[in-house]
1. Identify the single condition in (1) crowded, with 19+ Cβ neighbours inside 10 Å; (2) in contact with a Lys or Arg (Cβ under 9 Å, 6 or more places away or on another chain); (3) not small (Gly, Ala, Ser) that Leu53 does not satisfy, given that it satisfies every other one.
2. I need every pair where a residue in segment 40-62 that is in contact (Cβ under 8 Å) with a residue 60 or more places away in the chain has its Cβ under 7 Å from the Cβ of a residue that is crowded, with 20+ Cβ neighbours inside 10 Å and not aliphatic (A, V, I, L, M), sequence separation at least 6 or different chains.
3. Restricting segment 56-70 to residues that are in contact with a Leu (Cβ under 9 Å, 6 or more places away or on another chain) and among the aromatic types (Phe, Trp, Tyr), which is modelled with the highest pLDDT?
Amino acid sequence: MDLAQRGTEACGCDLIYDVINQGLCMGCGTCVATCPVRAISMEYGKPNIDRDLCIKCGACYAQCPRSFFNFDVMNQFEAIGEAIDAAMLKGDE
């Protein structure tokens, strides 16, 4: 969804800003395996993007299992959890 909103291009920079810098990267290496030009390598368990090699295809971002996370929703996680718990308790009555 985010990739569609960005238009036809995405960059490894998007992966850096939206996933790595937000602390969402779990070091799975999917982005490394997906990059068609090998512009991404793993260093200390996190992806390192060579911006000079990046062709802005967006494959790394599209395949990242954490790129869909949205902090607007994550910040409301506690409230969402409470709503689910309340619904589950109501169903037990």
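1. In the conditions (1) crowded, with 19+ Cβ neighbours inside 10 Å; (2) in contact with a Lys or Arg (Cβ under 9 Å, 6 or more places away or on another chain); (3) not small (Gly, Ala, Ser), Leu53 misses (1) alone.
2. none
3. We begin by selecting, within segment 56-70, every residue in contact with a Leu (Cβ under 9 Å, 6 or more places away or on another chain); these are 58, 60-62, 64, 66-67, 69.
So of that shortlist, the ones also among the aromatic types (Phe, Trp, Tyr) come out as 61, 69.
Details: Tyr61: 87, Phe69: 69.
This residue is Tyr61.
So that you can scan it fast, the table gives a plain yes or no per residue for (1) surrounded by fewer than 13 Cβ atoms within 10 Å (Cβ to Cβ); (2) modelled with pLDDT under 85; (3) of a type in the set (S, T, N, Q):
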residue: Asp2; (1), (2), (3): no, yes, no
residue: Val19; (1), (2), (3): no, yes, no
residue: Cys25; (1), (2), (3): no, no, no
residue: Cys31; (1), (2), (3): no, no, no
residue: Val37; (1), (2), (3): yes, no, no
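The values are calculated or read from the model by the stated rules, or taken from the named source; none is laboratory data. Values in this document were obtained by computation on a predicted structure and should not be read as measured data. Cβ sites come from the backbone with ideal geometry, for glycine too, and all protein chains shown count toward neighbours.
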